[in-house]
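Enquirer: Once you've had a glance at the structure underneath, I'll fire off some questions.
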Amino acid sequence: MTFWKEYGRKRSRRKKMFVRKVDEKTELRLVEFFDAGELFEIVEEERSYLQAWLPWVENTWGVREMENAIRNFRRGYAEYESMTAVVLFQGEIVGVVSFNELDWTNRTTYIGYWLRRRYQGRGIITKSVKSLITCAFSSFGMNKVIIRASVANETSRAVAERLGFTKEGVSRSGARMNNRFIDQVIYGIYGI
């Protein structure tokens, strides 16, 4: 049974809440409006770090902008175009993982992720991304998962490499980041 059938696409337009247990301390949960304050606090705390890798950070200066972002995430979920989940470690939001785009025609999805620095090095994001990959193949019926990471973002690239992704190439000036264009490494992994 595919994820969307299980979560309502074929049966009705009403979907169940996405919650996925990663391990005994970690779970993924669909982002909700009540997460806006906590997510904004994390962005404020990690602004200089996150802004180096995530273009939306420079435009997130208050809870209102975070609420607008969540509204867009929820719309993407409702329209089967994307899915954004908070990473909960021992009940606390520590990051985000997402299917930034769900390409149903080509059965391809693009995964994005970020984690608070103080929680890095514990395997939390690697396990969370691995859980999303499993979901993409076994529940969503995807054929390929892609991760795009800045050439300079060694931490993000290491996650893809640890999970067995193949480096497929470099997209020169592949993304606009804080008013400049950056090169991105493209990683891919295929379903079985």
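Enquirer: Criterion first (small (Gly, Ala, Ser), touching a strand residue (DSSP E or B) at 6+ places or on another chain (Cβ under 8 Å) and open to solvent by less than 80 Å² (accessible area, probe 1.4 Å)) does GLY141 satisfy it? Can you show your working first?
Expert: Numbers: small (Gly, Ala, Ser): yes; touching a strand residue (DSSP E or B) at 6+ places or on another chain (Cβ under 8 Å): no; open to solvent by less than 80 Å² (accessible area, probe 1.4 Å): yes.
Answer is no for this residue.
Enquirer: Assess whether GLY169 counts as being open to solvent by less than 50 Å² (accessible area, probe 1.4 Å) and out of contact with any helix residue (DSSP H, G or I) (no Cβ under 7 Å at 6 or more places or on another chain). Before you say what the answer is, go through the steps one by one.
Expert: Numbers: open to solvent by less than 50 Å² (accessible area, probe 1.4 Å): yes; out of contact with any helix residue (DSSP H, G or I) (no Cβ under 7 Å at 6 or more places or on another chain): yes.
Criteria met by GLY169.
Enquirer: Which one is farthest from the chain's Cα centre (by Cα) among residues in region 65-88 that are over 19 Å from ARG116 (Cβ atoms) and aliphatic (A, V, I, L, M)?
Expert: ALA78
Enquirer: Listed residues SER150, SER173; which is without any contact (Cβ under 8 Å) to a residue 12 or more places away in the chain and either of a type outside the set (A, V, I, L, M) or touching a Leu at 6+ places or on another chain (Cβ under 8 Å) (or both)? Before you say what the answer is, go through the steps one by one.
Expert: Details: SER150 fails: without any contact (Cβ under 8 Å) to a residue 12 or more places away in the chain.
Residue meeting the stated conditions: SER173.
Enquirer: Pull out all pairs, ordered by first then second residue, where Cβ-Cβ is under 6 Å, the residues are six or more apart or on different chains, the first lies in region 11-29 and is exposed (fewer than 11 other Cβ atoms within 10 Å of the Cβ) and modelled with pLDDT of 70 or more, and the second is among the hydrophobic types (A, V, I, L, M, F, W, C) and in a strand (DSSP E or B).
Expert: From region 11-29, the pairs are MET17/LEU30.
Enquirer: While we're on this one: Six or more apart or on different chains, Cβ atoms under 6 Å: show the pairs whose first residue is in region 90-103 and within 22 Å of TYR80 (Cα to Cα) and whose second is among the hydroxyl-bearing types (Ser, Thr, Tyr) and assigned to a strand (DSSP E or B).
Expert: So the pair list comes out as VAL97/TYR113; SER98/THR84; PHE99/THR109; ASN100/TYR110; GLU101/TYR110; LEU102/THR109.
Enquirer: Tell me, please, whether a residue that is over 22 Å from GLU44 (Cβ atoms), assigned to a helix (DSSP H, G or I) and under 13 Å from the mean Cα position of the chain (by Cα) can be found in region 135-151.
Expert: The answer is yes, given that some residue of region 135-151 is over 22 Å from GLU44 (Cβ atoms), assigned to a helix (DSSP H, G or I) and under 13 Å from the mean Cα position of the chain (by Cα).
Enquirer: I'm trying to understand the selection: among the residues of region 54-73, which are out of contact with any helix residue (DSSP H, G or I) (no Cβ under 8 Å at 6 or more places or on another chain) and in contact (Cβ under 8 Å) with a residue 40 or more places away in the chain?
Expert: Selection gives LEU54, PRO55, PHE73.
The values are calculated or read from the model by the stated rules, or taken from the named source; none is laboratory data. These figures come from a predicted structure and were not determined experimentally. Here Cβ is always computed from backbone atoms with ideal geometry, including for glycine, and neighbour counts include all displayed protein chains. Side chains included, ligands, DNA and RNA excluded: accessible areas come from the protein's heavy atoms. Shrake-Rupley method; radii C 1.70, N 1.55, O 1.52, S 1.80 Å.
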